[in-house]
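Below is one structure, written out as structure tokens; comments come after it.
Nothing in this text is a laboratory measurement; each read-out follows from the coordinates by a stated rule. Just so you know, these numbers come straight off a predicted model, no measurement behind them. Note: ideal-geometry Cβ built from the backbone for every residue, glycine included; neighbour counts use all protein chains shown.
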Amino acid sequence: MMYIVTAAEMKSLDERATSEYLIPSLLLMENAARGFVDQVESMFYLLKDKTVTIVAGRGNNGGDGLAAARHFRMRGASVTVFLFSEATRVMGDAKVSLDIWRTTGGVLYAEGAFTQEQFVGHLKESDFVVDAFLGTGLSHPVKEPYIALIEAMNQHAKKTIAVDIPSGISADQGQVLGVAVRADATITIALPKRGHFMPDGLTHCGPLRVVDIGFPEALVQQAGLKVSLLTPDGLKGKLPSRKKGAHKGTMGHLLVIGGSAGKQGAPQMTARAAFRSGAGLVTLALPKSIEQGIALQTMELMTLPLPESESGSISLSAEKALMQGLEGKRVVAMGPGLSQDPETQALVLNLIKRVAIPMVIDADGLNAVAGSLSVLKEKKVPLILTPHPGEMGRLIGKTAAEVQKDRFKIAADFSETWGVILVLKGPHTLIAFPDGRVWVNNTGNPGMATAGIGDALTGVIASCIAQGASPEDAALLGVYLHGCAGDLAAVEKGEAGLMTSDLIAHLPKAFSSYFEMN
């Protein structure tokens, strides 16, 4: 399992590795440096005869850079270190690495011993620049003269590789602290940091690699870490395989509740995604006035026409028919295209209180919940809520921007407080469980920023439940495989102009790959 840590959690792991497991901290730094250089070489090119500039600070991040300088040089690179500190202020393991570099004749320019023009000249001449300046300990905005340093790196470096995290990015919240290095790749030490998966962090990190520095497995397992990266290995066996004697009844029947005048497409995408993900049967409950057109478009789909309000949405009087329609179903997907008609919103709240099978709630279903959060305490079954940042903001009374700044805490707190499984959508979607665990998805691409993608996700998650996965496993599987299908679609179609129908068409291949992995 690959855990994701805060800066404080990483510091604690470092300290415990030394105090409890007796691993010298200098050895950890050396492992980090060697692993960093290995990753650079594997990602880019052989280092012989390359020109490398190391931009180092006085802390352990700088120490990693100074130690890496030796390994670059041992592989035939020409290396220059710019130390943005007086040498006398460098302490601890970083000082040891600095002393070794100077003793072995390494080229070093300490702060005050070079001009901005000399620094810029080296940046321009280098094949790549290593950012080992500020690291994960930064908690305040970058100040001058270091603003000019970072701006020079961004303007003049041909290629920049960050050690641990780009300088100027918060390790925990991922935001730019005034100004930040725009890295072409980031090689992080031991474990990924939360900031790597936040909006600004994603923009500035480039491709992310992780260096194993030799932490004992027991050290990490006993640390009580709550945030993990979704990986294929961690998803093995979470969805029952399709048996040779399977038929449509054994593959699960789900009920989609959605649609309204002008919003016919959303529930159709949910239903189609459910079919393409392996569900045996899907029934769509919708206003009777739009039933005929939908039935003609998706021939495999069964429909349950319902009474409707004056606005063309499902009426509150449809509750009895819906409760009867639950017979034989394994899961409900509710919300896509449902509208915010007051009658429909009241119906949603009533169903949350009464339905006795798992429910996946999205879109306008979430808008109904936002006005009456206490209804979540009256649920009879596990609920999976799938908000995007704007919907999450409405649930908790914040803006989407505020949600994005603190995604991990907001998702974990909401899930724990209300006892629901929360899928907070976006780049690197988060899945939070009521016990405090949070998972980070690493599939998907910017092409998925398009209408209907969330509706499809609702169908994929519900389909996994219909096929026998637990609600927790279905949330993890659904998010991961939905992203895989998006990645497959992007390879074929490209990211620009990718449509939800393209993703849905690739769901069978994503699921087939999953079962082959098992």
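Can you give the local net charge around L306? Use residues other than it whose beta-carbon is closer than 14 angstrom to its beta-carbon, Lys and Arg +1, Asp and Glu -1. Write out the running numbers ahead of the final one.
Working: positive: K288, K320; negative: E291, E308, E319, D341, E343.
After counting each charged neighbour, the total is -3.
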## Note on the structure
Taking Cα atoms, the helix 7-19 axis meets the longest principal axis of the chain at an angle in degrees (rounded to 10) of 60
### Message
Tell me the net charge near I150. Cut-off is 12 Å between Cβ atoms, I150 excluded, with +1 for each Lys or Arg and -1 for each Asp or Glu.
### Response
-1
### Query
Expressed as a whole percent, how much of the Cα-Cα distance distribution for region 96-147 exceeds 16 Å?
60
### R89-E144 pseudo-label distance in nm [points 7 Å out on the Cα-to-Cβ vector]
1.7
#### Entry: ³J(HN,Hα), Karplus 6.51/-1.76/1.60, whole Hz, each residue of region 333-346, x for Gly, Pro
10, 10, x, x, x, 6, 6, 10, 4, x, 5, 5, 5, 5
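Using the Cβ atoms and a cut-off under 13 Å, what net charge is assigned to the surroundings of G393, where Lys and Arg are +1 and Asp and Glu are -1?
On the way: positive: R394, K398, K405, R407, K425; negative: E391, E402, D406.
Summing Lys and Arg as +1 and Asp and Glu as -1 gives +2.
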### Message
With unit charges on the beta carbons (Lys and Arg positive, Asp and Glu negative) and the dipole taken about the Cα centre of the chain, which residue among V120, P216, Q264 sits farthest to the positive side?
### Response
Q264
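Convex hull volume of the Cα atoms in region 114-205, per residue, in Å³? Numbers along the way, then the final one.
Details: hull volume 7.7 nm³, N = 92.
Output value, Cα hull per residue: 84 Å³.
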### Query
When the C-alpha atoms of the chain are aligned to their principal axes, what extent does each axis show, in angstrom, from largest down?
82, 47, 44
### Scattering profile of region 211-313 at q = 0.14, 0.22 Å⁻¹ [log10 I(q)/I(0), Debye over alpha-carbon scatterers]
-0.69, -1.11
### Task
Treating each Cα of region 2-224 as an identical point scatterer and ignoring solvent, apply the Debye formula and state log10 I(q)/I(0) at q = 0.18 Å⁻¹.
-1.37
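As an exercise, use a Förster radius of 41 Å and the Cβ-Cβ distance of V381 and V491 to find the FRET efficiency, rounded to the nearest 0.05.
Numbers: r = 38 Å, r/R0 = 0.92.
The value I calculate is 0.60.
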